[in-house]
Amino acid sequence: MKVATALASAAIEPREARLLLAEACGFSEASVLAHPERELPAAAASGFAAMAARRRAGEPIAYILGRREFYGLMLAVSPAVLIPRPETELLVELALERRPSTVLDLGTGCGAIALAIKQVLPQARVVAVDASAAALVLAQRNAARHSLAIDLRHGLWFAPVAGERFDLIVGNPPYVAEGDPHLAQGDVRFEPRAALVAGPDGLESIRDIVGQAKNFLAPGGWLLLEHGLGQETAVRQLLASCGFDAIATWPDLAGIARVSGGRLKSD
Ligand SMILES: C[S@@+](CC[C@H](N)C(=O)[O-])C[C@H]1O[C@@H](n2cnc3c(N)ncnc32)[C@H](O)[C@@H]1O
């Protein structure tokens, strides 16, 4: 079968078809585009057909390829972790602006936020926690692949860092409300529920984290959390009632309030 025939018969979005075909053949995407007349080896044609069928069934392209780029780092991903989103890069930018020496990333998943920070601030001590052992296996693989030494810990939020304090705590915790119709649409259908859902109003994890954060922050330390559409007022109120000042919300590139945070008040 020729490249052009395979692409046309895939019945998926053309850009995604080219990506998957390049993966199946070991060619670059540019080469797939430049040589539509090229004859495909049988193994590549059947590998591509299998990947296209998975995509037609709705599986996210990142899980099919087993990777996703985040903040310039190519990261291994699997259905054990949330697929890192471009909008989460805002949280990384806000973290870097604060030039912390010690950072805690809560709910690290494949390690995206922690590794992005460590890449830019190699002298910083970066600890990353997740409740999912399978996620930490991937985070470890990503850390090794990029030679970035982060300290991965298994457990619930602050339990693995008892007695420690950080200049900065960041997190992209689960923040979708149970029963949210978006859970039945698109890529999120394939992502781990424990990475997405946080109680009836989506704020359960954020409440947990904000409520405990002051016990794990150095004096004047910052807490920055990604949250969902329309949650910024509730998150700011929580921060105000838990000992934070300089409370603010930052919009992502689409203009959606995406990250809220504050600085621990000094007594
Ligand atoms: C929305 S995902 C974020 C993944 C990654 N940080 C990112 O931004 O792409 C939330 C992560 O929090 C983890 N998580 C959920 N509840 C947790 C808990 N109680 N303690 C620690 N991690 C938790 C999940 O396993 C998941 O990896």
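No lab work stands behind these numbers, since they all come straight from the coordinates. No experiment lies behind these values; they were computed from the predicted model shown.
For the chain, what proportion of DSSP beta bridges, expressed in % and rounded to the nearest 5, is antiparallel?
Values: 16 of 35 bridges.
Here the share of antiparallel DSSP bridges comes out near 45 percent.
What is the angle, in °, between the Cα long axis of helix 204-213 and the longest principal axis of the Cα atoms in the chain? Nearest 10 is fine, range 0 to 90.
50
Mind listing the long-range amide H neighbours of residue 247? Cut-off is under 5 Å, sequence gap 5 or more, other chains count too, H placed in the peptide plane at 1.01 Å from N.
263
Return the long-range amide H neighbours of residue 151 (sequence gap of 5 or more, or a different chain), with a cut-off of under 5 Å between placed amide H atoms.
Sorted by chain and number, the residues that satisfy this are 126, 127, 128.
I'd like the orientation of helix 14-25 relative to the chain: the angle between its Cα long axis and the longest Cα principal axis, in ° from 0 to 90, rounded to 10.
80
To the nearest Å, what is the center-to-center distance of region 22-43 and region 152-179, using C-alpha atoms only?
43
Once the cut-off is 16 Å, how many percent of the Cα-Cα pairs in region 3-57 end up in the long-distance tail?
On the way: 377 of 1485 pairs.
The calculated P(r) of region 3-57 puts 25 percent of pairs beyond 16 Å.
With the Cα gyration tensor of region 65-264 in hand, give its eigenvalues times 5 under a square root as the equivalent ellipsoid semi-axes, listed largest first in whole angstrom. Please list the in-between numbers first.
Values: eigenvalues 99, 90, 48 Å².
Rounded to whole Å, the semi-axes are 22, 21, 15.
Please report the relative contact order for the chain, taking Cα pairs under 8 Å with a sequence separation of at least 6, and give it as a percent rounded to a whole number. Intermediate results must be reported in sequence, preceding the final value.
On the way: 499 pairs, mean separation 37.0, N = 267.
Once normalised by length, the contact order is 14 percent.
Mind checking the angle between helix 232-241 and the chain's longest principal axis? C-alpha axes, 0 to 90 degrees, to the nearest 10.
30
Which lysines, if any, have their Cα less than 17 Å from the Cα of residue 265, not counting same-chain residues under 8 positions apart?
Straight-distance partners of residue 265: 214.
In deg cm²/dmol, rounded to 500, what helix-only [θ] at 222 nm does the chain give when every DSSP H run of at least 4 residues adds -39500 (n - 2.57) and the total is split over its residues?
On the way: 11 runs with 100 residues, N = 267.
The helix-only estimate for the chain comes to -10500 deg cm²/dmol at 222 nm.
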